[in-house]
Amino acid sequence: MSLKAQILSRIRTDGPISLASYMGDCLMHPTLGYYATRDPFGQAGDFTTAPEISQMFGELIGLSLAQAWLDQGCPAPFTLAELGPGRGTLMADLLRATRAVPGFHAAARIALIEQSPTLRGIQAQTLAAHEPTWHDSAQSLAEQPLFLIANEFFDALPIRQFARTGPHWRERRVGAQGDRLVLGMTDPAPVPALEHRLADTSDGDIVEFCPMVPAVTNAIAGRIARHGGAALILDYGDWRSLGDTLQALRAHQSADILGMPGAADLSAHVDFEAIASAARSAGCAHSRLSTQGVFLERLGITARAQRLADGATGKEPENIIAAHRRLTHPAEMGNLFKTLGLYPETAAPPPGLEA
Ligand code: SAH
């Protein structure tokens, strides 16, 4: 049975489902989900991510994490983890850039949090030399210092969507009309988790929240608070969510979110305030939210691009300049993408970020 048929049959039995439930099935159904069944990245896929644009991205993130490790007294052993590593490109670039940091590789236990069997297979090839271990979730990471990167992971976690009506909220749900999936709304009701949004929204406004954020963040931030470490979280989004940001992408074009369950990517803007407040509850400090452009500039991406271009031939220098622009320019990924750092209350933020 196709994923669409399975979702329709569930709705016919149990009634309309939340967007989070729909999004979870579309992306992560164990056999028919989007990530379970394909390698979605690059020209031939549906979208491109920063590490797939340039090696500079993973290199600079690696140097920021390695410096944070040095600043915290080189704890050993430690977990070097990535949430949602995709093709493993970022981790490979990070590991190459940190080879010369004394003791870093010897102390690192590489952990990849990935649910897609297809992508696990690709990561195993990319990172064969480094003997990673895989986890279904951050909850099973070892209780030891944790240095972690998450790029475009949180945007793939399922969200719920609400529209304000007076002091109450209507939730957007996925229902069925014959053989079609359709969007609908619940009756207005109070939503305790959105209590804090009554002050900064008005009638008709749409807000989103991601039910998995507290548990995922608590698992990471708790380990960092207890044992030391740092997390760099990069994604598109802002301090607070406002508006409908759920989007479907297929072959680099936007698509209907209900049109092709399991065959199009679904993602939503990340509400960084929710991550920051879950981190604080776990006893962990967080940086100010920085734009990706400023973060990469502070880490020296321009000097790195010049260095790479100097040694390059043919069309390569042009490609390096284009990649630099794409990652940092405010009109490209520079402003839309943000960076949040998590670190122990007793430590400084990782390089590139401000307290
Ligand atoms: N970080 C990579 C890939 C981003 S795509 C890059 O920048 O290129 C999102 C990644 O998160 C994929 O590897 C996907 O399989 C994984 N993922 C999505 N939801 C997940 C979940 N709930 N648990 C574990 N991995 C998940």
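If the condition is being away from the ligand (no atom under 11 Å from the Cβ) and of a type in the set (Val, Ile, Thr), then region 83-105 contributes THR98, VAL101. For region 317-329, the candidate set comprises residues that are open to solvent by 40 Å² or more (accessible area, probe 1.4 Å) and assigned to a helix (DSSP H, G or I); within that set, the residue that is farthest from THR339 (Cα to Cα) is GLU318. For region 320-327, the criterion of a residue being under 30 Å from ASN218 (Cα atoms) and aliphatic (A, V, I, L, M) is satisfied by at least one position. What number of residues within region 295-336 satisfy the criterion of being among the hydrophobic types (A, V, I, L, M, F, W, C) and touching a Gly at 6+ places or on another chain (Cβ under 8 Å)? Within region 295-336, residues that are among the hydrophobic types (A, V, I, L, M, F, W, C) and touching a Gly at 6+ places or on another chain (Cβ under 8 Å) number 5. Would you please name the residue that is farthest from PHE162 (Cα to Cα), looking only at residues in region 3-47 that are modelled with pLDDT under 95 and among the polar types (S, T, N, Q)? In this case the residue turns out to be GLN43.
Screening the candidates ALA230, ALA150, ALA221, ALA225 for the property of being in contact (Cβ under 8 Å) with a residue 12 or more places away in the chain, within 16 Å of the ligand (Cβ to nearest atom), surrounded by 20 or more Cβ atoms within 10 Å (Cβ to Cβ) and of a type in the set (Gly, Ala, Ser) yields one hit, ALA150. Out of region 285-321, which residues are more than 25 Å from the chain's Cα centre (by Cα) and not aliphatic (A, V, I, L, M)? GLN306, ARG307, ASP310, GLY311, THR313, GLY314, LYS315, GLU316, PRO317, GLU318, ASN319, listed by residue number. The condition (being at pLDDT 95 or above and under 19 Å from MET23 (Cα atoms)) is satisfied by just one residue among LEU232, LEU258: LEU258. Looking only at region 45-66, decide whether some residue is farther than 22 Å from LEU299 by Cβ and not aromatic (Phe, Trp, Tyr). Yes.
Condition check ((1) more than 25 Å from the chain's Cα centre (by Cα); (2) at pLDDT 95 or above; (3) of a type outside the set (Ser, Thr, Tyr)) across all residues:
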{"residue": "THR165", "(1), (2), (3)": "yes, yes, no"}
{"residue": "ARG170", "(1), (2), (3)": "yes, yes, yes"}
{"residue": "LEU183", "(1), (2), (3)": "yes, yes, yes"}
{"residue": "THR186", "(1), (2), (3)": "yes, yes, no"}
{"residue": "PRO190", "(1), (2), (3)": "yes, yes, yes"}
{"residue": "LEU194", "(1), (2), (3)": "no, no, yes"}
{"residue": "SER202", "(1), (2), (3)": "yes, yes, no"}
{"residue": "GLU208", "(1), (2), (3)": "no, yes, yes"}
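Exactly one residue out of VAL216, VAL207, VAL191 is open to solvent by less than 30 Å² (accessible area, probe 1.4 Å) and within 12 Å of the ligand (Cβ to nearest atom): that is VAL216.
So that you can scan it fast, the table gives a plain yes or no per residue for (1) among the basic types (Lys, Arg); (2) near the ligand (Cβ under 10 Å from one of its atoms); (3) open to solvent by 10 Å² or more (accessible area, probe 1.4 Å); (4) over 18 Å from PRO214 (Cα atoms):
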| position | (1), (2), (3), (4) |
| --- | --- |
| ALA107 | no, no, no, yes |
| GLY121 | no, no, yes, yes |
| SER140 | no, no, yes, no |
| ALA156 | no, yes, yes, no |
| GLN161 | no, no, no, no |
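Taken residue by residue, region 77-91 has no member that is open to solvent by 50 Å² or more (accessible area, probe 1.4 Å), at pLDDT 95 or above and at positive phi. Annotation: of all residues in region 32-44 being open to solvent by less than 70 Å² (accessible area, probe 1.4 Å) and without any contact (Cβ under 8 Å) to a residue 60 or more places away in the chain, the one that is farthest from GLN247 (Cα to Cα) is GLY42.
Among the residues making up region 32-82, those that are more than 27 Å from ALA305 (Cβ to Cβ), more than 14 Å from the ligand (Cβ to nearest atom) and polar (S, T, N, Q) are GLN72, THR79. Of all the residues in region 12-31, those that are within 27 Å of THR186 (Cβ to Cβ), open to solvent by 60 Å² or more (accessible area, probe 1.4 Å) and either over 18 Å from the mean Cα position of the chain (by Cα) or among the β-branched types (Val, Ile, Thr) (or both) number 4.
The values are calculated or read from the model by the stated rules, or taken from the named source; none is laboratory data. Predicted model only: the values in this text are computed from it and were never measured. Positions of Cβ are backbone-derived with ideal geometry, glycine not excepted, and every protein chain shown enters the neighbour counts. All accessible areas refer to the heavy atoms of the entire protein, side chains included, with ligands and DNA or RNA removed. Shrake-Rupley method; radii C 1.70, N 1.55, O 1.52, S 1.80 Å.
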